[in-house]
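The values are calculated or read from the model by the stated rules, or taken from the named source; none is laboratory data. Nothing here was measured: the structure is a model prediction, and the numbers come from that model. Using ideal geometry, Cβ is built from the backbone for each residue, glycine included, and neighbour counts are taken over all protein chains shown. In case anyone asks, the SASA skips ligands and DNA or RNA and just uses the protein heavy atoms, side chains included. Shrake-Rupley method; radii C 1.70, N 1.55, O 1.52, S 1.80 Å.
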Amino acid sequence: MEYLIVIAALAAVALIVGGITLLRPRRTRPRPPVERPTERTGGATAVDEAGAPVVEEAPPTEVPAPRPTIEIEKPPPGAGRLVRLRARLARSQNTFGKTLLGLLSRDTLDDDAWEEIEDTLITADMGAAVARQVTDDLRTRVQVLGTRSPEEVRALLKEELVKQIGPDFDRSLRTEGHGDRPAVLMVVGVNGTGKTTTCGKLGRVLVGDGNTVVLGAADTFRAAAADQLETWGTRVGAQVVRRDEGADPASVAFDAVKQGIESKVNVVIIDTAGRLHTKTGLMDELGKVKRVVEKQAAVDEVLLVLDATTGQNGMQQARVFAEVVNITGVVLTKLDGTAKGGIVVQVQRELGVPVKLVGLGEGPDDLAPFEPEAFVDAILGD
Ligand SMILES: Nc1nc2c(ncn2[C@@H]2O[C@H](COP(=O)(O)OP(=O)(O)OP(=O)(O)O)[C@@H](O)[C@H]2O)c(=O)[nH]1
Ligand SMILES: [Mg+2]
């Protein structure tokens with residue numbers, strides 16, 4: 001009897017649970033977003049593991065979310081940026097400036113002190129010969145001056161450093177078009193130095209200064225490079241010309257310039273690869289990109305991007321690039337992360353071309369036209 005009661009009770013529980021499950025409205029699992037094939041990849045059909053085409057059911061009653069409208073940003077102009085970003089420089093170069101000023105303010109400036117001054121300049125990557133010259137010049141002037149108030153010492157040091165950086169270099173970017181042709185800027189350098197970021201930031205500076213811009217993704221080594229550039233371009237309303245991964249970089253560059261001419265923009269900026277798919281040397285390819293672009297428009301600037309944190313390695317790269325393409329300006333990136341600002345002096349001496357822009361962070365507006373005085377002021381502090 002008891003046995004029967006237990007069975008009856010269990011059956012009742014099973015019935016109730018079953019009923020609840022059946023009555024509960026079915027929850028649909030959230031669907032992963034459906035990826036739309038882009039024009040470039042040409043609508044490849046999705047297949048399941050067995051190779052059969054996957055038929056996408058239409059989602060029940062969900063109204064597709066409206067596509068987010070991309071708000072075009074209006075970036076700030078380029079002028080005076082270095083002054084705005086001086087805190088970044090001051091932070092990274094702090095010890096350099098402080099040490100030098102401290103040494104120069106010592107009660108007695110003996111040979112050891114002068115040697116320390118020279119060493120400090122060398123550790124900032126200024127190059128041994130320049131460090132020696134700055135030290136010798138300073139020594140002579142300090143002796144002639146006699147007194148050494150902190151203001152005098154600072155003024156002397158500033159003058160010497162600005163002199164070495166070369167206040168007379170023409171650091172302007174040639175972004176003026178030629179009649180109905182846009183100005184063309186090529187951005188070159190080894191991988192990871194900050195080329196794509198620089199193209200994006202520079203595009204912003206130029207838009208901020210009232211230009212129209214086409215960005216050409218001639219780094220076809222990986223699709224992500226073009227995506228990266230596209231993101232930058234979209235934000236400021238610059239057109240981006242890109243092709244599939246592995247496409248011929250020279251033909252992408254050619255198309256970018258063509259598009260620039262057709263759309264009547266002011267400036268075309270071409271991002272290039274720091275590495276390659278094929279066996280042709282990177283340098284051969286760069287030369288080809290430039291020659292192909294020149295079939296349509298003059299290349300106004302070839303900007304070599306150097307990572308300031310790489311020191312002598314960067315100098316070595318600079319020499320190799322300079323042999324292949326006629327570099328017209330240097331972009332020194334990551335100056336926010338190193339105390340080796342002296343590399344500015346070294347690279348200009350080596351290449352005979354000016355540093356035109358400096359990168360001072362990963363933010364979109366962390367690229368500034370290079371100004372020697374503001375640079376030295378930031379290093380030495382007020
Ligand atoms: N702190 C700092 N980081 C920077 C600066 N410029 C670029 N970067 C960072 O450096 C990294 C590499 O930048 P990319 O622009 O992708 O370098 P790339 O030369 O295009 O690299 P490849 O395409 O691989 O050849 C990124 O994480 C950037 O955010 C800068 O001025 N300061
Ligand atoms: Mg890149």
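In the set (1) under 30 Å from Asp248 (Cα atoms); (2) away from ligand 1 (no atom under 16 Å from the Cβ); (3) in contact with a helix residue (DSSP H, G or I) (Cβ under 6 Å, 6 or more places away or on another chain); (4) in a helix (DSSP H, G or I), the condition left unmet by Ala374 is number (1).
Just name the residue that is most open to solvent (accessible area, probe 1.4 Å) out of those in the range 177-198 that are more than 8 Å from ligand 1 (Cβ to nearest atom) and in contact with a strand residue (DSSP E or B) (Cβ under 6 Å, 6 or more places away or on another chain). Spell out how you get there, then give the answer.
Taking the range 177-198 first, the residues more than 8 Å from ligand 1 (Cβ to nearest atom) are 177-188.
Within this subset, residues satisfying the condition of being in contact with a strand residue (DSSP E or B) (Cβ under 6 Å, 6 or more places away or on another chain) are 177, 182-188.
Details: Gly177: 38, Pro182: 1, Ala183: 0, Val184: 0, Leu185: 0, Met186: 0, Val187: 0, Val188: 0 Å².
Applying the filter and picking the extreme gives Gly177.
Does Thr193 fit the bill of being at pLDDT below 90 and part of a loop (DSSP other than H, G, I, E, B)? Considered against the rule, which asks whether it is at pLDDT below 90 and part of a loop (DSSP other than H, G, I, E, B), Thr193 comes out as no.
From the list Leu161, Leu109, Leu121, Leu157, exactly one residue is touching a residue at least 24 places away in the same chain (Cβ under 8 Å), open to solvent by 20 Å² or more (accessible area, probe 1.4 Å) and either part of a helix (DSSP H, G or I) or over 26 Å from Leu335 (Cβ atoms) (or both). Which is it? None of the other options fit; the residue is Leu109. Condition first: surrounded by fewer than 17 Cβ atoms within 10 Å (Cβ to Cβ), among the charged types (D, E, K, R) and under 18 Å from the mean Cα position of the chain (by Cα). Now tell me which residues in the range 218-255 satisfy that. The answer is Arg222, Asp227.
One residue alone among Val142, Val187, Val162, Val134 is within 22 Å of Gln348 (Cα to Cα) and in contact with a Lys or Arg (Cβ under 8 Å, 6 or more places away or on another chain), and that residue is Val187.
Residue by residue through the range 309-335, note down the ones that are assigned to a helix (DSSP H, G or I), among the aliphatic types (A, V, I, L, M) and under 20 Å from Val299 (Cβ atoms).
Restricting attention to the range 309-335, the residues satisfying the condition of being assigned to a helix (DSSP H, G or I) are 309-310, 312-324, 335.
In the following step, the residues that additionally are among the aliphatic types (A, V, I, L, M) were identified as 315, 318, 320, 322, 324, 335.
Scanning the range 309-335 gives Ala318, Val320, Ala322, Val324.
Residues that are within 17 Å of the chain's Cα centre (by Cα) and open to solvent by 40 Å² or more (accessible area, probe 1.4 Å) were ranked within the range 325-356; the one that is modelled with the lowest pLDDT is Gly337. Does the range 296-311 hold any residues that are in contact with a helix residue (DSSP H, G or I) (Cβ under 8 Å, 6 or more places away or on another chain), farther than 15 Å from Thr338 by Cα, open to solvent by less than 10 Å² (accessible area, probe 1.4 Å) and not β-branched (Val, Ile, Thr), and which are they? Of everything in the range 296-311, those that are in contact with a helix residue (DSSP H, G or I) (Cβ under 8 Å, 6 or more places away or on another chain), farther than 15 Å from Thr338 by Cα, open to solvent by less than 10 Å² (accessible area, probe 1.4 Å) and not β-branched (Val, Ile, Thr) turn out to be Ala297, Leu303, Leu304. Being open to solvent by less than 80 Å² (accessible area, probe 1.4 Å) and in a helix (DSSP H, G or I) is a description that does not apply to Gln143. Name the residue that is farthest from ligand 2 (Cβ to nearest atom), counting only residues in the range 187-201 that are hydrophobic (A, V, I, L, M, F, W, C) and touching a Leu at 6+ places or on another chain (Cβ under 7 Å). For the range 187-201, the residue satisfying everything is Val188.
Scanning the range 312-324 for residues that are open to solvent by 10 Å² or more (accessible area, probe 1.4 Å) and more than 16 Å from ligand 2 (Cβ to nearest atom), which turns out farthest from Thr99 (Cα to Cα)?
The first filter runs over the range 312-324 and keeps only residues open to solvent by 10 Å² or more (accessible area, probe 1.4 Å), leaving 312-313, 316-317, 319-320, 322-324.
Imposing the further condition that a residue be more than 16 Å from ligand 2 (Cβ to nearest atom) reduces the set to 312-313, 316, 319-320, 322-324.
Details: Gln312: 23, Asn313: 26, Gln316: 28, Arg319: 31, Val320: 34, Ala322: 34, Glu323: 37, Val324: 39 Å.
Residue satisfying both the conditions and the ranking: Val324.
Does Lys288 meet the test of being modelled with pLDDT of 95 or more and open to solvent by 60 Å² or more (accessible area, probe 1.4 Å)? Let's see the steps before the verdict.
Numbers: modelled with pLDDT of 95 or more: no; open to solvent by 60 Å² or more (accessible area, probe 1.4 Å): yes.
Judged against the criteria, Lys288 is not a match.
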